[in-house]
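Data block below; observations after.
Coordinate-derived values only; no laboratory data. Values in this document were obtained by computation on a predicted structure and should not be read as measured data. Here the Cβ positions follow ideal geometry from the backbone for every residue, glycine too, while neighbour counts run over all protein chains shown.
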């Protein structure tokens, strides 16, 4: 089990606050730290990796103490077995894809690990390319593969998909699920995307202003304890059209455009640009397998 | 026309020595400056940059005083290491290193600073120590700045006059550099010889800078 208690004062956009959280993670679990930006999510991850030092707390990973100010233990990042996928991928521009992976090999390790991972991630074709020539999704894959080379005990993912388009993001999320199944590695994901957390994590910690506000299974946390019998979507009103009897609303939900009809009385207070909550009874919807 | 190549050769010998020492000393120093959070760092940066703004004669004057066997430092060098720095080639090398220091350190330091921090951190997390991170990640990724700094330091040493005149004087074969020879020949009204030295310096300096810009363009 991983136990992480981290206390550290931070400077935020809305003034100073204290990051003060305590999290337990089971082996092989994928947990998400969820919350808006500037609440200390990344700092928590950096403390786990040893890139920043908490003012107080304790970090122990599978029985080994990584950080304990009382015993004056603070392992260097090099001594902690973590894989870290940075938000900007942090691939070394001077090395080819293959060299990037090999650079992560411990001195006496065999090179097969690199080849296996490249095959597994389907990036063999890219082995001689430099990072500058790769697309965002390819860079992400290489960064993931590189983080796994040294067989880390924890994989830390810092907003790994924020810079990618929807389709690539979806594919890579599937990829992470697949890799996690293969290696059974414990993952900590930092994200501000509900759908991502919902899809990937078994457990979510909702962080607000440095404190954990809620935690549990994503399905429960995000529906606040009760599974609703309704579809609820938030969207942006793009256009209102007067069809005499009814009004037609064009609403952007996610990246899909939906048209819904409402009574004139409901349309009266609306104008283009408003944020809307669309609710519909989920009884007997059309369900089509894709 | 008298074509005495000695001052020119001496100039390029001095520039080569200076540049080698600068790379060995200046690059780690620039790295240290870029990553240091010491309080006195601004003071150190200011001292390093002084040669950029001071008249070369000021630097030369103080170095001459310091190197003089009449004074403590010069006497100490003389008695303990047997080193006479005033009016000698070794003295010229040391003065040039100090004088050209900011030309190498400044571009290299700012290049280290502008490297994304995540690159260094990624290398650390992957288990690499400071030295390996420096040699394999940081240094290769500032290559253009390193090249520019090296060439500028070399070219700047070739172009020295004030410092080397103060500290080296005009001893043929030892401290008589091309820039000093030009001044000397003009004073003696030997315009042709002066022109020979000057022209060679112009052509070589141009070629050095040209190759720098060509290499940097190919890198992109």
Can you give the average number of partner chain beta-carbon atoms within 10 Å of each beta-carbon in peptide A:70-79, as a whole number? 2
If R₀ is 56 angstrom, what is the calculated FRET efficiency for the pair residue B:36 and residue A:198, using the beta carbon separation as r and rounding to 0.05? 0.80
Most fluctuating residue of B:11, B:157, B:193 in a GNM of chain B with Cα springs under 10 Å: which is it? B:193
Give me the Kirkwood hydrodynamic radius of the protein assembly as shown, using the inverse of the mean 1/r over all pairs of distinct Cα atoms, in Å to one decimal. 28.3 Å
On average, how many beta carbons from a partner chain sit within 10 Å of the beta carbon of a residue in A:89-96? 6
Using helices alone, what [θ] at 222 nm do you get for the protein assembly as shown, with -39,500 (n - 2.57) per DSSP H run of 4 or more residues, divided over all residues and rounded to the nearest 500? -14500 deg cm²/dmol
Gyration tensor (Cα only) of chain B to equivalent ellipsoid, semi-axes in Å sorted down, yields 35, 23, 13
How large is the Rg to Rh ratio of segment A:230-281 when both quantities use alpha carbon positions and Rh follows Kirkwood? 0.94
Whole Å is fine, so just give me how far the alpha carbon centre of segment A:88-152 lies from that of segment A:63-85. 25 Å
Have a look at the DSSP beta bridges in segment A:2-222 and tell me what percent are antiparallel, nearest 5. 60 percent
Among A:107, A:147, A:267: highest mean-square fluctuation, GNM of chain A, C-alpha pairs under 10 Å: A:267
Here, residue A:3 and residue B:205, labelled 7 Å along Cα→Cβ, have an inter-label distance in nm of 7.0 nm
Between segment A:165-239 and segment B:1-74, what's the alpha-carbon centroid distance in Å? 59 Å
Quick one: go through segment B:30-49 and flag any residue whose amide nitrogen is under 20 Å from the point 7 Å out along the Cα-to-Cβ line of residue B:83. B:48
How would you order B:62-75, B:135-148, A:235-248 from highest to lowest mean count of nearby Cβ atoms within 10 Å? B:135-148, B:62-75, A:235-248
Average silhouette area of segment A:2-222, convex hull of alpha-carbon atoms, in square nanometres: 12.4 nm²
Value of Rg to Rh for segment B:92-220 (Rh from inverse mean 1/r over Cα pairs, i.e. Kirkwood): 1.15
In whole percent, the Cα-Cα distances of segment B:1-81 spread across 10 Å bins from 0 upward as 14, 25, 40, 17, 4, 1
Cα long-axis angle, helix B:56-67 against chain B (0 to 90 degrees, to the nearest 10): 90 degrees
Going by alpha carbons, how many degrees (0 to 90, nearest 10) lie between the helix axis of A:166-183 and the longest principal axis of chain A? 40 degrees
Rh by Kirkwood over Cα pairs, then Stokes-Einstein D for segment A:182-261 at 0.890 mPa s and 25 °C, µm²/s: 156 µm²/s
Average beta carbon contacts from partner chains per residue of A:145-152, 10 Å cutoff: 2
Stretchable slack from residue A:230 to residue A:266, in nm (0.36 nm times residue separation minus alpha-carbon distance): 11.0 nm
Two pseudo-spin positions, 7 Å from Cα along C-beta at residue A:177 and at residue B:25, lie apart in nanometres by 6.2 nm
Rounded to the nearest whole Å³, what is the per residue volume of the convex hull around the Cα atoms of segment A:70-145? 115 Å³
When chain B is modelled as a GNM with alpha-carbon springs shorter than 10 Å, which of B:123, B:34, B:49 fluctuates the most? B:123
Working from Cα positions, state the angle (0 to 90°, nearest 10) between the long axis of helix B:143-158 and the longest principal axis of chain B. 10 degrees
Backbone N under 17 Å from the residue A:242 label point (7 Å along Cα→Cβ), restricted to segment A:265-280: A:265-272
Burial-style ranking of A:168-180, A:38-50, B:201-213, average other-beta-carbon count within 10 Å with highest first, yields A:38-50, A:168-180, B:201-213
